[in-house]
Amino acid sequence: PSIREAIGWTSGYTCLAVVYGLAVWGSEGRTYAGQFYAGWLTEWSLSVDNLFVFILILSAFRVPRDFQQKALLLGIATALVLRLVFILAGAALIRHFSWVFYLFGAFLVYTAVKQLLDARKDDDTEEDATAYVDNSVTRFVRRLLPTTDGFVGNKLIHRHAGRTMITPLLIVVIALGTADLMFAFDSIPAIFGLTSEPFLVFSATAFSLLGLRQLFFLIDGLLSHLVYLPYGLTVILGFIGLKLVNHALHQNTLPFINGGEPVTALPEPSTEVSLGLIVITLALVAVTSLIHARRRA
């Protein structure tokens, strides 16, 4: 979809969520409507973090532009089912998996460093950037399951010569769904802090994910022309990674870290701080890219 279409669909889903909140107000009262709006806005704001990881996943797997819509649609649908299971399990599940924040935070920091190193390479051609290249996830899955050498159209499963094989597109869908679930460990507790009604928690999550695919193409379409985008992603992904590690320290239960006690030396950045850093980073990327383009012209 074009940027104009992405703006239209994003606005449409936003209006749909507003109308849904009014319906909750009319049937259950303003208190529950206020809880829905607060949860939806919180979840929608936190979903911005997901988009940059989605961009990273689609870039790492070299997913063709024509297949990205299907990958995102199925990946977000998978995320919605996984989040429903997570919500029904309750907030008690979060405490048992607080150590996962260390792993995912460390992965994002590593990815940010790799993104910076890749951005400094000037010998990559446009063909190299768009051609399919195996990565570690694909190679690992290929050892366990028969996997095609590349994309087979937009198929998830391909049968050839009597063998049923999965395609890299299916791996991408699973990667998108599970990556979003990792962020749910951060966002779902935030919504539970606003309302204790599981139905409202799931409603807020569903409406934030409904427009996530169009929001992805809106952000991706606006940023794909910026030459300093990799450096901006490095800052954003590094910040998110450190934020998750800091959150893990606040929830620490590992006995070999501070004797199993939480480490609260550094305060956790609020959603406003996170969004502010993302906005400032993208603004700097836009300005420096514009200056770079004018100097080249």
Report summary line: If we keep only residues of the stretch 224-233 that are open to solvent by 20 Å² or more (accessible area, probe 1.4 Å) and in a helix (DSSP H, G or I), then the residue modelled with the highest pLDDT is TYR231
Query raised in the report: What is the one condition in (1) modelled with pLDDT of 80 or more; (2) of a type in the set (S, T, N, Q); (3) crowded, with 17+ Cβ neighbours inside 10 Å that SER27 does not satisfy?
Result: (3)
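Restricting the search to the stretch 193-212, which residues are assigned to a helix (DSSP H, G or I) and small (Gly, Ala, Ser)?
Narrowing the stretch 193-212 to residues assigned to a helix (DSSP H, G or I): 198-210, 212.
Once the filter is applied, which keeps residues that are assigned to a helix (DSSP H, G or I) and small (Gly, Ala, Ser), the stretch 193-212 yields SER203, ALA204, ALA206, SER208.
Considering only residues that are of a type in the set (D, E, K, R) and open to solvent by 20 Å² or more (accessible area, probe 1.4 Å), look in the stretch 40-75 and name the one that is nearest to THR111 (Cα to Cα). First the steps, then the outcome.
Let us first name the residues in the stretch 40-75 that are of a type in the set (D, E, K, R), namely 43, 49, 62, 65-66, 70.
Cutting the leftovers down to open to solvent by 20 Å² or more (accessible area, probe 1.4 Å) gives us 62, 65-66, 70.
Working: ARG62: 16, ARG65: 22, ASP66: 25, LYS70: 25 Å.
Looking at the filtered set, the residue picked out is ARG62.
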Query raised in the report: When residues of the stretch 145-164 are filtered for being outside any loop (DSSP other than H, G, I, E, B) and open to solvent by 30 Å² or more (accessible area, probe 1.4 Å), how many remain?
Result: 6
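Picking from THR111, THR78, which residue would you name as being modelled with pLDDT of 80 or more and crowded, with 17+ Cβ neighbours inside 10 Å? Don't jump to the end; show me each part of the working.
Values: THR111 fails: modelled with pLDDT of 80 or more.
Of THR111, THR78, the one residue that is modelled with pLDDT of 80 or more and crowded, with 17+ Cβ neighbours inside 10 Å is THR78.
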Query - Among (1) in contact with a His (Cβ under 8 Å, 6 or more places away or on another chain); (2) modelled with pLDDT under 80, the one test that THR271 misses - result: (1)
Requested in this report: Filter the stretch 234-251 down to residues that are modelled with pLDDT of 80 or more, farther than 30 Å from ARG120 by Cα and either crowded, with 19+ Cβ neighbours inside 10 Å or touching a strand residue (DSSP E or B) at 6+ places or on another chain (Cβ under 7 Å) (or both), then give me how many there are.
Outcome: 1
Query raised in the report: Given the conditions (1) assigned to a helix (DSSP H, G or I); (2) open to solvent by 30 Å² or more (accessible area, probe 1.4 Å); (3) modelled with pLDDT under 60, which single one is not true for ASP124?
Result: (1)
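Does THR178 satisfy being assigned to a helix (DSSP H, G or I), surrounded by fewer than 19 Cβ atoms within 10 Å (Cβ to Cβ) and modelled with pLDDT under 80? Write out each step before concluding.
Working: assigned to a helix (DSSP H, G or I): yes; surrounded by fewer than 19 Cβ atoms within 10 Å (Cβ to Cβ): yes; modelled with pLDDT under 80: yes.
Here the answer is yes, as THR178 does meet what is asked.
Out of curiosity, is SER47 of a type in the set (Gly, Ala, Ser), modelled with pLDDT under 85 and closer than 12 Å to ARG213 by Cα?
Details: of a type in the set (Gly, Ala, Ser): yes; modelled with pLDDT under 85: yes; closer than 12 Å to ARG213 by Cα: yes.
Yes: the conditions hold for SER47.
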Query raised in the report: Name the pairs whose Cβ atoms lie under 6 Å apart, with the first residue in the stretch 1-30 and more than 20 Å from LYS70 (Cα to Cα), the second of a type in the set (A, V, I, L, M, F, W, C) and assigned to a helix (DSSP H, G or I), and 6 or more positions between them or separate chains?
Result: ALA17/TRP40; ALA17/PHE207; GLY21/ALA33; GLY21/PHE36; VAL24/ALA33; VAL24/PHE36; TRP25/ALA33
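The values are calculated or read from the model by the stated rules, or taken from the named source; none is laboratory data. The model shown is predicted, which means the values in this text are computed figures rather than measured ones. All Cβ positions, even for glycine, are placed from backbone atoms using ideal geometry, and neighbour counts span all protein chains on display. These accessible areas exclude ligands, DNA and RNA; they are computed on the full protein's heavy atoms, side chains included. Shrake-Rupley method; radii C 1.70, N 1.55, O 1.52, S 1.80 Å.
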